[in-house]
Amino acid sequence: MKNHFSKPLILLAVFGVFLAVYSQAAQIKNVLFLISDDLKASTLGPYGDQMVKTPNIDALAAEGMVFKRGYCQGTTCGPSRRSFMRSRYRDEAGITMGENFIDNGFYSARVGKIFHMRVPGDIVSGSNGGDVEACWTERFNSPGHEAHTAGVYSLFNHNIFTTSMKDRASTAEKDRWFVSVQYEGDGSDQPDHKTASKAIELIKKQGNGDKPFFIAAGFVRPHYPNVAPQQYFDLYPYQDIALPETREGDLGDVPEAGYTAVTSLNDPIGKYPDNQKRFWGAYYATITYMDEQVGRIIDELEEQGLRDSTAIVFIGDHGYHLGEHFFWQKSNLHEDVTRVPFIISAPGFKAGESDSFAELADIYPTVSELVGITVPNTVQGKSLVPVLKNPKTTVREAAFTVGNRRDFALRGAEWAYMLYADDTDELYNMKTDPKQFTNLANDPKYTKVKEEWRMKLENRIAEAGLERKG
C-alpha cells in the first residue's frame, strides 16, 4: 500500500528541524565573554583536576559545551588575544569582534584585560595597554596594587617570605613570575573583583536597554603575581600538593628552540621543591578567587532574567608550565601551553563535552552566528555552532598554533607536531605519550609520520597566509 502521507511528513519533519535551529539562534541576543589570564586547561575540574575548587566554572561547564580539545593560536598574552579578537592567526587584518558587533547594532564593552595589558605594569598604572579603542562602545580598566598589596609577600625561587614592602619584584623585574601575596581582606580591592563589579553594573544597565550587548570581562588571575586573600590560600596547603612528574634527562631529545626561558635547571626554583608546591597552591588560590568573580557575573545575568538570551563563552588565553618537563611559564608549543579551557554555554543548545578540535580563533565566527550577524571575510576561524548542535561533529582535524618566532604546531587526535624556525622539530604520539615525554621526530621508525605531519603543518601555515622563513 502506498503511503500518501510520507512526503508531507518528511517536509514537516524538515520544517520542524529548521524551526528548532531558528529558535535556538533567535533567542540568543547577547554575548558575555569571560577570559582568564594564564589559565591552563588541566587545572580545572572539567578537564580532570581533582584539587582545584571552582564551583562556578564547574556549573557553567555542566550547562554548556566543554571543548576538551581547545587550543590557543598564540603562546603569550598579546598574540593570543589579537588572534581571537580578530580571528586571525598572526596579523591584524580586518575589524575586531567588538567592531563587528557595534556595526550590527550592539553595545560593546570591555572590562579589565581583553587585548594585551602588561601584568602587573598596566594593572598598577590603570592604563589601557595594547587595547583597541574602536572595539568598544565603552571600556573600563581595573587597577590594583598587585605585588605591592600589603600582606605576606613570597618570592618562591629565592625562598623569601616577608611582610616588608621594600624590594618587591614587580613590573619588568627579574623573578616577578615567582611572586605571590596573601593578605587579610575580602578581595574587593583586587582587579578581578572590580572587573566583576563593573560587568555586573553594565549588565544591569544594558539588560534594560534597547540594544543587545557584547560584554567582555577579562580577569588577570591566575597570572602572576598570585595575589588573593588568605582564605583562598588556606584551601591549598602545600603539603597536599603533588608536583607534576619529571624525568631525569627528559630534555635530552627536545631541541633548544622548544625550551622555555625559565626552567628548574637554570633557575633557583629547582632547589626548592616545597616552594614549587607553594607556587602551585598560589596558582590554585587565585583560580578559586577568579572563579568566585565568574559566579558573581553569571548570578547577575540570572537575576536580571538575561540568562536565557545570553551566550556565555569562558576561556583561558593560553596555558602555562608549572614545572612540567622542568619548564616554567609560557611561550612554547607544548601541550601545557597550547591547550586551554574553552566552554560555550548557549541557550537552546544541549550541554555536553566534545573532542572536536577547537581554536580560540573560532570564537568570533561562532558567537556571530549565534546572534545572527554576518562574519567579515577576513575571519580565519570556523564556527563551532555545528559542534554545539552535535558534539561528535568535526570542523577541523587538527588545531594550529603559532609561536612567537617562526615556530608552529599542529595538534591532531594521535599526533602533535612542532616545527621551529631553525628546522628542528618535535613529534609526539598523544595516545601513548599524552604528557609528551618522548620526542619521536628523530626516530627513523616515524620518518613517514613526521613527513606527513610536516606537510600538513606547512599547508596550514600557507592557508593562514604565513611564511616559514624570512
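The values are calculated or read from the model by the stated rules, or taken from the named source; none is laboratory data. Here the structure is a predicted model, which is why all the values come from computation and not from measurement. Here Cβ is always computed from backbone atoms with ideal geometry, including for glycine, and neighbour counts include all displayed protein chains.
What to note about this one:
- Qualifying residue in region 177-197 (condition: farther than 23 Å from GLU292 by Cβ, without any contact (Cβ under 8 Å) to a residue 24 or more places away in the chain and out of contact with any Lys or Arg (no Cβ under 9 Å at 6 or more places or on another chain)): no
- Test: residue in region 317-333 that is touching a Ser or Thr at 6+ places or on another chain (Cβ under 6 Å), farther than 21 Å from LEU419 by Cα and of a type in the set (Asp, Glu): yes
- Options ASP131, ASP91: the member that is within 14 Å of ILE35 (Cβ to Cβ) and acidic (Asp, Glu): ASP131
- Meets criteria (surrounded by fewer than 19 Cβ atoms within 10 Å (Cβ to Cβ), more than 24 Å from the chain's Cα centre (by Cα) and in a helix (DSSP H, G or I)) for THR432: no
- Identity of the residue in region 435-470, in a helix (DSSP H, G or I) and of a type in the set (S, T, N, Q), that ends up farthest from ARG69 (Cα to Cα): THR447
- Residues (of a type in the set (Asp, Glu), more than 22 Å from the chain's Cα centre (by Cα) and not in a loop (DSSP other than H, G, I, E, B)) located in region 181-228: GLU201
- Leading residue by the ranking (surrounded by the most Cβ atoms within 10 Å (Cβ to Cβ)) among those in region 205-227 that are out of contact with any Asp or Glu (no Cβ under 7 Å at 6 or more places or on another chain) and of a type in the set (D, E, K, R): LYS211
- Identity of the residue in region 266-313, in contact with a Leu (Cβ under 9 Å, 6 or more places away or on another chain) and without any contact (Cβ under 8 Å) to a residue 60 or more places away in the chain, that ends up surrounded by the most Cβ atoms within 10 Å (Cβ to Cβ): GLY281
- Search result, residues across region 452-470 that are surrounded by 16 or more Cβ atoms within 10 Å (Cβ to Cβ) and over 23 Å from PHE84 (Cβ atoms): TRP453, ARG454
- For region 413-429, a residue qualifies if it is of a type outside the set (A, V, I, L, M, F, W, C) and either part of a strand (DSSP E or B) or in contact (Cβ under 8 Å) with a residue 40 or more places away in the chain (or both), and the qualifying residues are TYR417, TYR420, ASP422, THR424, ASP425, GLU426, TYR428, ASN429.
- Count of residues meeting criterion [of a type in the set (Asp, Glu) and touching a Gly at 6+ places or on another chain (Cβ under 7 Å)] in region 39-77: 1
Listed here are the residues, each with its yes/no results for (1) touching a helix residue (DSSP H, G or I) at 6+ places or on another chain (Cβ under 9 Å); (2) β-branched (Val, Ile, Thr); (3) touching a residue at least 24 places away in the same chain (Cβ under 8 Å).
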{"residue": "GLY323", "(1), (2), (3)": "yes, no, yes"}
{"residue": "ALA346", "(1), (2), (3)": "yes, no, yes"}
{"residue": "ALA358", "(1), (2), (3)": "yes, no, yes"}
{"residue": "VAL367", "(1), (2), (3)": "yes, yes, yes"}
{"residue": "THR374", "(1), (2), (3)": "yes, yes, yes"}
{"residue": "PRO391", "(1), (2), (3)": "no, no, yes"}
{"residue": "VAL395", "(1), (2), (3)": "yes, yes, yes"}
{"residue": "PHE400", "(1), (2), (3)": "yes, no, yes"}
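- Here region 150-180 is the region considered, the condition is being crowded, with 18+ Cβ neighbours inside 10 Å, in a strand (DSSP E or B) and among the hydrophobic types (A, V, I, L, M, F, W, C), and the residue that is nearest to the chain's Cα centre (by Cα) is VAL179.
- Taking the numbered list (1) touching a strand residue (DSSP E or B) at 6+ places or on another chain (Cβ under 9 Å); (2) in the same structural domain as ALA59 (by TED's automatic domain parsing); (3) under 17 Å from PHE342 (Cβ atoms) in turn, VAL371 passes all entries but (3).
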